[in-house]
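The values are calculated or read from the model by the stated rules, or taken from the named source; none is laboratory data. Because the structure is a prediction, the values reported are computed rather than measured. Because the Cβ atoms are built from the backbone with ideal geometry, glycine has one as well, and the counts that use them run over all protein chains shown.
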Amino acid sequence: MNEVPQPVVGWIGTGVMGRSMCGHLLRAGYPLRVYSRTAGKAAELITAGAVWCASPAEVANGADVVCSMVGFPSDVRTVYLGSHGALERMTSGATLIDFTTSEPSLAVELAELARERGVEAIDAPVSGGDVGARNATLSIMLGGSESACSYWQKLFETLGKTIVHQGPPGSGQHTKMVNQTLIATNMIGVCEALLYAQRAGLDLERVMQSVGSGAAGSWSLSNLGPRIIANQFDPGFFVEHFVKDMGIVLQEARRMQLSLPGLALAQQLYVALQAQGGSRLGTHALQLALARLSGIDWIGRVPSRQ
């Protein structure tokens, strides 16, 4: 018997995370059509067999599913609804999956517009950063019809490890807002704790051995703590995108008449980091802004005591 061919995947956005996610799909045998604002970011994927497209609309031609991983809600709106947007070229029966962390209200709007064309829409924001994208261990939070989410389960399992259907359109984005709220204040604790340890003259790597696996442990401490100690602030997730996410949470919180003072503080500290030129650094670069508040030049790793 002939094997059933893999669905054709259209992909928009090949940045820090999108590039790794596309690589997993290619290795799993999915035919892949890609578009990115910066063509050079897709060069490795094209070499590996992906087809380059000149616009989001061209990506949608012949695709069974169109996926996106872009930066901001305005980018999501542009790639699907703007001039040469993907939605106008999607055929009835196709599916739209947006992996971007975006506004819940935009996810609902996209789902309604997609339905008018006979297209299913799933909001599927992810958590896990560049490490999770590279290792295909992302947590994927799904909003959309249960049938559509189930249909694309194999694709989701190619990209992530924890896949949970949260409810109707917008539910995935709301869940990601919960995720970002948890991360924001935890990151303050990670950075302040390492500042304290350095000022106290402790060996930071030995400190990590003691606190990393106990009640104080967290994903951020285990995965980003070593980067902070090594003075490596390259982005797994851009500061400017995190500020965007926190802004969405606070906007939603105001709508729900919900006070989130801890998150508001975290956002202000990250805005300070932006003002200091840190927009394109990783979220763990908050260490630099907090160090400046105490007049500290962060040096990270110090020689181990003998």
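Here are some notes:
- Only one of VAL131, VAL178, VAL164 that is modelled with pLDDT under 95, of a type in the set (A, V, I, L, M, F, W, C), in contact with a helix residue (DSSP H, G or I) (Cβ under 9 Å, 6 or more places away or on another chain) and surrounded by fewer than 18 Cβ atoms within 10 Å (Cβ to Cβ): VAL131
- Looking across GLU120, GLU109, one residue alone is over 17 Å from the mean Cα position of the chain (by Cα) and free of Cβ contacts under 8 Å to residues at least 24 places away in the same chain. It is GLU109.
- Qualifying residue in the stretch 293-303 (condition: within 24 Å of PRO125 (Cα to Cα), among the aromatic types (Phe, Trp, Tyr) and not assigned by TED's automatic domain parsing to the domain that holds PHE72): no
- Residues that are within 22 Å of the chain's Cα centre (by Cα) and more than 20 Å from THR95 (Cα to Cα), drawn from the stretch 24-55: ARG27, ARG37, THR38, ALA39, GLY40, LYS41, ALA42, ALA43, GLU44, LEU45
- Residue ID - surrounded by the fewest Cβ atoms within 10 Å (Cβ to Cβ), chosen from residues in the stretch 181-201 that are within 16 Å of the chain's Cα centre (by Cα) and either of a type in the set (Val, Ile, Thr) or farther than 19 Å from GLU240 by Cα (or both): THR181
- Of note, GLY118 does not satisfy the criterion of being within 28 Å of VAL164 (Cα to Cα), at pLDDT 95 or above, in contact with a strand residue (DSSP E or B) (Cβ under 9 Å, 6 or more places away or on another chain) and surrounded by fewer than 16 Cβ atoms within 10 Å (Cβ to Cβ).
- Filter result for the condition that a residue is over 30 Å from PHE72 (Cα atoms) and not assigned by TED's automatic domain parsing to the domain that holds PRO104, over GLN180, GLN198, GLN251: GLN198
- Residue match in the stretch 141-149 (condition: of a type in the set (Ser, Thr, Tyr), part of a strand (DSSP E or B) and either assigned by TED's automatic domain parsing to the domain that holds LEU26 or farther than 20 Å from LEU87 by Cα (or both)): no
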